[in-house]
Structure formats: structure tokens, C-alpha cells
Amino acid sequence: MTDDDILGGIAAVAREHLAYEGPLEPGMHLVEDLELDSIRRLTLAMEVENRFRVCLDEEDDLGIETVGDLVAAVSRKLAGGGDDDER
């Protein structure tokens, strides 16, 4: 799966579960640009996990500030770069 596929999936999640209607670009900040509060950020994380069948752990979450960071984290998990056995 390419980064563009992942970005498209995240955009679909944002539209469906957060009612976000604008364009989604890798450089956009989750809090500042998408205006996600803690509840909406958690919703995004949970729905991205469900869509891609990955588990983003606390270590991942600490480094995710932009849409591009989220794409990279999902990409790493899909490539086997994360420990998904705990889920």
C-alpha cells in the first residue's frame, strides 16, 4: 500500500467520522489545521486503526503531529515495523 493510498484512507476516515470536508495534505497539523481536540484526535486514531487493521501505540502517538506523521506511522505498521501482537 502506498502513502497516497494511506492518505486517501485517512481522508475518508476524516470525512466519515469527523465531518472534515477540506483537502487533506501531509503537512497539515492535526490540532492547528484540522482543529482536532483530544476526543476528535482519539476518534481519528481509533478509526484509522480499524480501517488499516493496525495498532498505534503511545510511542507512535507522541510523534504524530501532522497528517504526514500519521501516514508514516500507519505505513510502518503495515510494513511490520510495529508490534501489533498486543492487540
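Working from the Cα coordinates of the chain, the gyration tensor eigenvalues give, after taking √(5λ), semi-axes of 19, 14, 12 Å in decreasing order. Taking Cα atoms only, the orientation of helix 3-18 departs from the longest principal axis of the chain by about 60 degrees. The slack between residue 76 and residue 12, meaning 0.36 nm per residue of separation minus the straight C-alpha distance, is 21.1 nm. The residue list 10, 74, 63 was ranked by how far each Cα lies along the charge dipole of the chain toward its positive end, using unit charges on Cβ atoms, and 10 comes out on top. Scanning the chain for GluC sites (Glu not before Pro) that sit in a DSSP loop and have at most 11 other Cβ atoms within 10 Å, the longest stretch containing none of them is 36-85.
The loop-placed trypsin sites (Lys or Arg not before Pro) in the stretch 40-83, going by DSSP, that have at most 15 neighbouring Cβ atoms within 10 Å of their Cβ come out as 53. When the chain is treated as a GNM with alpha-carbon contacts under 10 Å, the residue of 74, 54, 31 showing the greatest mean-square fluctuation is 31.
Using only Cα atoms and rounding to the nearest 10 degrees, what angle (0 to 90) does helix 67-78 make with the longest principal axis of the chain? Once rounded, one gets 20 degrees. Here the chain is treated with +1 on each Lys and Arg Cβ and -1 on each Asp and Glu Cβ, and its dipole about the Cα centre works out to around 320 debye.
Read-outs: derived from the displayed coordinates by stated rules, not from any lab. Just so you know, these numbers come straight off a predicted model, no measurement behind them. Because the Cβ atoms are built from the backbone with ideal geometry, glycine has one as well, and the counts that use them run over all protein chains shown.
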